[in-house]
Amino acid sequence: MNLQRTTLKAYKFGIVNYLNALKLQERLSGERKAGDIQDTILSLQHPPTYTLGKRRTDHNLLVTESELQAMGAELHYTERGGDITFHGPRQAIIYPIISLRAIGFGARKYVEGLESIMIEVASLYGVNAHPGKAGETGVWVGDRKIGAIGVRISSGITSHGLAFNIDPDLNYFKHIVPCGIRDKGVTSLRREAQMQLPADEVIHDQLIRSFAKTFHFKDIQWSQGGLISLADEIK
Amino acid sequence: MALKLWASSAANALKLSCRASATAAPFPASSISRCFSSVIDGFKYSNSHEWVKHEGNVATIGITDHAQGHLGEVVFVELPASGTSVTKGSGFGAVESVKATSDVNSPVSGEVIEVNSKLTEKPGLINTSTYEDGWMIKVKPSDPSELKSLMDSKEYSKFCEEEDAH
C-alpha cells in the first residue's frame, strides 16, 4: 500500500467573508489542478451566512432574503453538494483543497474521512458523535447534528469541506430546514461537552491534525492566512 | 497478497477489475458483495472514469461502474442542454452523492445531440444501470480519432486496479 507522503500546507484565518473564501478556493483549486501547489487546507470562520448547494433547494429557506439581510446575514448559491446550511462565528470551517486522484479516493471515501475527523475531535471532549444514516451525510450526537459536510470535486480536486459547530448561535438555524432534514435538530460542542472548551483555535488545529493523519500526510506546514494575499480577493 | 493476485487474474479472465481497497473503512454487507467493478467490452474509457459507446455517428457517454461505486448513491445529476459543445477532457455536467458534487468530463469533443432526461427523476439509474439506462449524454463527435487515445476495457480494468492500489 502506497501511503501518501507529502506535506499538507495549512493556512489559518480569522473571520472571512464567504465570497472571498470562495474566490480563494477557486484560485487554489486551479493551482492544485495545474500541479503548481501542494495539497492545501484552509481553516477559518464565516460571518453569519446561509448557503445553498448545486441543487438550489431554496424551499428549505424559511425566511425571505430581505429578512436575512435585516438580521445581518448573507445568502450564497454554490456548486458544492449538500442542502442549505448556516455558517457563522464560533463554527469551525475547514476547506481542504487536495487531489483525490493522488490518493485514489472517491467522493464517498473522502466524505467518510471528513466525518471521521469531526467524530475524533468531538471525542477529545468526551462527546460521542457518529456518522449519519445513508443519505444523511454529516456528524450527529443522538439525532442532533454537530457537523455538516458539503464538497465539490472538480477534476479530482476538492473544495468546500466541513463545518463543525463549536459554539455558534444556534438560533440562526431556525430560519432554515438544516440540510433539508425536517425532524432533526442541531447542536454544538459547547452543548454536548461536559467539560470546558479551549479557544476555538485549538479546536481548529485539532481538526487539521486529524485531517492530516486520516489522509496520510507526512506533516503539516502552518501559515497565517494573510500570506496568500487574501486582500487580493477583496474587490 | 497471493489471494489478491489470484483474484486479479481471475478477474481479468472475467473482464472485471478489483475495486477493493486495502485501507477500506468498514462497508455495509451490500457493497462487500460488489468487490469488483464491471466493464463492458467494446466500450472505450477515459482516465477520469467515463465510458463511451461509439455507434456510427453517435457517442453515448456515462460514468463507469468503478466511478459510481466510489461516489455512493447518486441523488442529483446536472446535464447540459442539447446543442451544447463539449470538449474532450472538459466538464459537461456533474453528479451529486453523499453531499459531494463531482464534475463529469467528456471523453470526446463534439455537439450534444441528446441528454438522458430520465436522470432528473431517477438519478440512481447511474448506480443501478450504469452502462444502459444510466447514460448521461449522446454526442456527435467532431473528431472521431479522439476515441483512439481512450482505453479499451482491458486497459481500463488495469488502470482501476492500479488506482485502487494506493
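The values are calculated or read from the model by the stated rules, or taken from the named source; none is laboratory data. Just so you know, these numbers come straight off a predicted model, no measurement behind them. Positions of Cβ are backbone-derived with ideal geometry, glycine not excepted, and every protein chain shown enters the neighbour counts. Ligands, DNA and RNA are stripped out before the accessible areas are found, and what is left, the full protein with its side chains, is counted by its heavy atoms. Shrake-Rupley method; radii C 1.70, N 1.55, O 1.52, S 1.80 Å.
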task: Check A:ARG144, A:ARG191 and return the single one that is surrounded by fewer than 18 Cβ atoms within 10 Å (Cβ to Cβ), touching a Gly at 6+ places or on another chain (Cβ under 8 Å) and more than 14 Å from every other protein chain (Cβ to nearest Cβ).
output: A:ARG144
message: Looking at the structure I just gave you, is A:THR137 farther than 15 Å from A:ALA92 by Cα, assigned to a strand (DSSP E or B) and within 14 Å of chain B (Cβ to nearest Cβ)?
response: no
query: How many residues are among the aromatic types (Phe, Trp, Tyr) and open to solvent by less than 20 Å² (accessible area, probe 1.4 Å) when one looks only at the stretch B:118-166?
result: 1
- prompt: For the stretch A:161-179, does any single residue satisfy the condition of being closer than 30 Å to B:GLY93 by Cβ, within 14 Å of chain B (Cβ to nearest Cβ), touching a Cys at 6+ places or on another chain (Cβ under 9 Å) and part of a strand (DSSP E or B)?
  reply: no
query: Considering the stretch A:60-78 alone, what residues qualify as being of a type in the set (D, E, K, R) and touching a helix residue (DSSP H, G or I) at 6+ places or on another chain (Cβ under 9 Å)?
result: A:GLU67, A:GLU74
field: Selected residue (criterion: nearest to the other protein chains (Cβ to nearest Cβ)) from residues of the stretch B:58-88 that are small (Gly, Ala, Ser) and open to solvent by less than 50 Å² (accessible area, probe 1.4 Å)
entry: B:GLY72
statement: In the stretch A:67-109, residues that are open to solvent by 40 Å² or more (accessible area, probe 1.4 Å), in a strand (DSSP E or B) and touching a Phe, Trp or Tyr at 6+ places or on another chain (Cβ under 9 Å) total 1
task: Evaluate the stretch A:128-137: report whether one residue or more is of a type in the set (Val, Ile, Thr) and open to solvent by less than 10 Å² (accessible area, probe 1.4 Å).
output: no
statement: Restricting the stretch A:40-59 to residues that are within 14 Å of chain B (Cβ to nearest Cβ) and in contact (Cβ under 8 Å) with a residue 24 or more places away in the chain, the one most open to solvent (accessible area, probe 1.4 Å) turns out to be A:ARG55
task: For the stretch A:114-127, enumerate the residues that are buried (at least 20 other Cβ atoms within 10 Å of the Cβ) and within 10 Å of chain B (Cβ to nearest Cβ).
output: A:LEU114, A:GLU115
